[in-house]
1. Do you know which of the residues in segment 2-14 that are in contact with a strand residue (DSSP E or B) (Cβ under 6 Å, 6 or more places away or on another chain) and within 10 Å of Phe43 (Cβ to Cβ) is surrounded by the most Cβ atoms within 10 Å (Cβ to Cβ)?
2. May I ask you to list pairs of residues, at least six apart or on different chains, whose Cβ atoms are under 8 Å apart, with the first in segment 180-206 being touching a residue at least 40 places away in the same chain (Cβ under 8 Å) and under 10 Å from Ile136 (Cβ atoms) and the second being among the polar types (S, T, N, Q) and part of a strand (DSSP E or B)?
3. Criterion first (touching a residue at least 60 places away in the same chain (Cβ under 8 Å), of a type outside the set (Ser, Thr, Tyr) and in contact with a Lys or Arg (Cβ under 9 Å, 6 or more places away or on another chain)) does Ala18 satisfy it?
4. Determine, yes or no, whether Gly81 is within 23 Å of Ala197 (Cα to Cα) and not in a helix (DSSP H, G or I).
5. In segment 81-97, which residue that is small (Gly, Ala, Ser) and more than 14 Å from Gly173 (Cβ to Cβ) is surrounded by the most Cβ atoms within 10 Å (Cβ to Cβ)?
6. Kindly check whether there is at least one residue in segment 158-174 that is crowded, with 21+ Cβ neighbours inside 10 Å, under 22 Å from Thr73 (Cβ atoms) and touching an Asp or Glu at 6+ places or on another chain (Cβ under 7 Å).
7. Are any of the residues in segment 146-161 closer than 16 Å to Met126 by Cα and acidic (Asp, Glu)?
Amino acid sequence: MIVIVDYNAGNLTSVKRALDYLSIPCAISPDPHKVLNAEKIIFPGVGHAGFAMKVLRERALDAALKEAFNKGTPILGICLGTQVILSSSEETDLPCLDLIAGTCPKFALSDPALKIPHMGWNSIIMQRPHPVLCGIADGDEFYFVHSFYPQPREKTDVFALCDYGITFPAVIGRGNLVATQFHPEKSGQAGLRLLSAFASWDGASC
């Protein structure tokens, strides 16, 4: 059973609908005990990093996610869930989860034709193989909606890039944790392939 973490962030039902379409057993839950004891975890979200961290702490979900990560539970972060797994974000003064060392800066673009947020379809540039990306090809397009982007400290934590005025990490991960800045649940067949691969992943690193 995949548990989708409920911390009052948007887009949870879209993730569940995609998993239901794939006939992958899943449930949305705000319960830290269910998150901690899940076979696999999806940590999605659309919203503000500061509000997200506040709710995660109030519900003890921050501790549950850290413990699940440390014990090897496969975890998929999506969008805001990708950003707050890092150490910090320019969107908030609150510390983030620090599962992967790094920060989350805001886009600062010199091209006035490029609007913030980065919204819509864009292709990814593969950097390293990962089991969750096994059905994804270099140049496949995914759906993005974000004003901030993940910036891990270590280059080895980056599995795919995307270009939007600057080149930024689109897929990051370490060990049993993988995370996408884009929304696989809104990304058609490529996104469904990624979710299906995550459901089959045992959490072993590459």
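Here, each number is a calculation from the coordinates, and none is a lab measurement. Predicted model only: the values in this text are computed from it and were never measured. FYI the Cβ positions are ideal-geometry reconstructions off the backbone, even for glycines, and counts take in every protein chain you see.
1. Filtering segment 2-14 for residues in contact with a strand residue (DSSP E or B) (Cβ under 6 Å, 6 or more places away or on another chain) gives 2-6, 12.
Adding the requirement that they be within 10 Å of Phe43 (Cβ to Cβ) leaves 3-5.
Working: Val3: 23, Ile4: 24, Val5: 29.
The selected residue is Val5.
2. Partner pairs satisfying both residue conditions: Leu194/Thr180.
3. On the way: touching a residue at least 60 places away in the same chain (Cβ under 8 Å): yes; of a type outside the set (Ser, Thr, Tyr): yes; in contact with a Lys or Arg (Cβ under 9 Å, 6 or more places away or on another chain): yes.
It is true that Ala18 is touching a residue at least 60 places away in the same chain (Cβ under 8 Å), of a type outside the set (Ser, Thr, Tyr) and in contact with a Lys or Arg (Cβ under 9 Å, 6 or more places away or on another chain).
4. Working: within 23 Å of Ala197 (Cα to Cα): yes; not in a helix (DSSP H, G or I): no.
When the stated conditions are applied, Gly81 does not pass them.
5. Of segment 81-97, the ones small (Gly, Ala, Ser) are 81, 87-89.
This time we only want the ones that are more than 14 Å from Gly173 (Cβ to Cβ), so: 87-89.
Values: Ser87: 17, Ser88: 19, Ser89: 26.
Result: Ser89.
6. Checked against the condition, which is being crowded, with 21+ Cβ neighbours inside 10 Å, under 22 Å from Thr73 (Cβ atoms) and touching an Asp or Glu at 6+ places or on another chain (Cβ under 7 Å), segment 158-174 yields at least one hit.
7. yes
Residue-by-condition table, conditions (1) in contact with a strand residue (DSSP E or B) (Cβ under 7 Å, 6 or more places away or on another chain); (2) among the basic types (Lys, Arg); (3) not in a strand (DSSP E or B):
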{"position": "Phe69", "(1), (2), (3)": "yes, no, yes"}
{"position": "Trp121", "(1), (2), (3)": "yes, no, no"}
{"position": "Pro129", "(1), (2), (3)": "no, no, yes"}
{"position": "Gly139", "(1), (2), (3)": "yes, no, yes"}
{"position": "Phe142", "(1), (2), (3)": "yes, no, no"}
{"position": "Leu161", "(1), (2), (3)": "yes, no, no"}
